[in-house]
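J.: Submitted below is the structure of interest, expressed as structure tokens.
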Amino acid sequence: TVGDSTIVDQGVLNFFYEAPGAYSIGQQVFNNFGCQDTVSFRFEIVDELNIHIPTAFTPNGDFVNDEWKPVIAGSDRIDEYILRVVSRSGQMVFETTDPEQAWDALDVPRAEKLEDVQNSLFRYILRVLPHATPLEPNPSWIEYSGHVMIVD
């Protein structure tokens, strides 16, 4: 059982919980002799905004890790989003207000591409304004900044 009264009878379990809440998952197994064992586990899925920002990517056209963007759990809790990527010389090379839009480093001017893109470091600034909630009716902007490296 996976916590919402669903019973699964298969060797490998893949299940996605769409709503936050407290769940209990249990497993009951039987062997060829009719012996059984049961184990259960209780856990909670919370509805919160989590942002992970990768520190490197490889825009080399091999379709593996070719684009860079923050990974956001709870993106539906965002009212406003601004992401900027700046080169070492201070030139803005990427900007978006769409959390789904990724940077592929193709928009870097050619002169900077030779100097800054291969094995190079760029600064990012991410600003996020979360939705108002009953616990936080007047949310503040959250700012993240750091570096992302483009590697071969």
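Just so it is clear, none of the values below were taken in a lab; they were calculated from the coordinates. A quick note: this is a predicted structure, and the numbers were derived from the prediction, not measured. Note: ideal-geometry Cβ built from the backbone for every residue, glycine included; neighbour counts use all protein chains shown.
J.: Which peptide among 49-60, 131-142 comes first, and what is the full order, when sorted by highest mean count of other Cβ atoms within 10 Å?
T.: Result, highest mean Cβ count within 10 Å first: 49-60, 131-142.
J.: What is the packing order of peptides 81-88, 26-33, taking the mean over residues of other C-beta atoms within 10 Å and listing the highest first?
T.: 81-88, 26-33
J.: Taking the Cα of Ala22, stepping 7 Å toward and past its beta carbon, and measuring to each backbone N in the stretch 39-64: which are under 19 Å?
T.: Output list for this probe position: 40-48.
J.: Name the residues whose placed amide hydrogens come within less than 5 Å of the amide hydrogen of His131, ignoring near sequence neighbours (fewer than 5 apart) on the same chain.
T.: Ile78, Asp79
J.: For labels at Ser89 and Ile125 in the simple 7 Å Cα→Cβ model, what's the distance in nm?
T.: My value for the distance between the label points is 2.0 nm.
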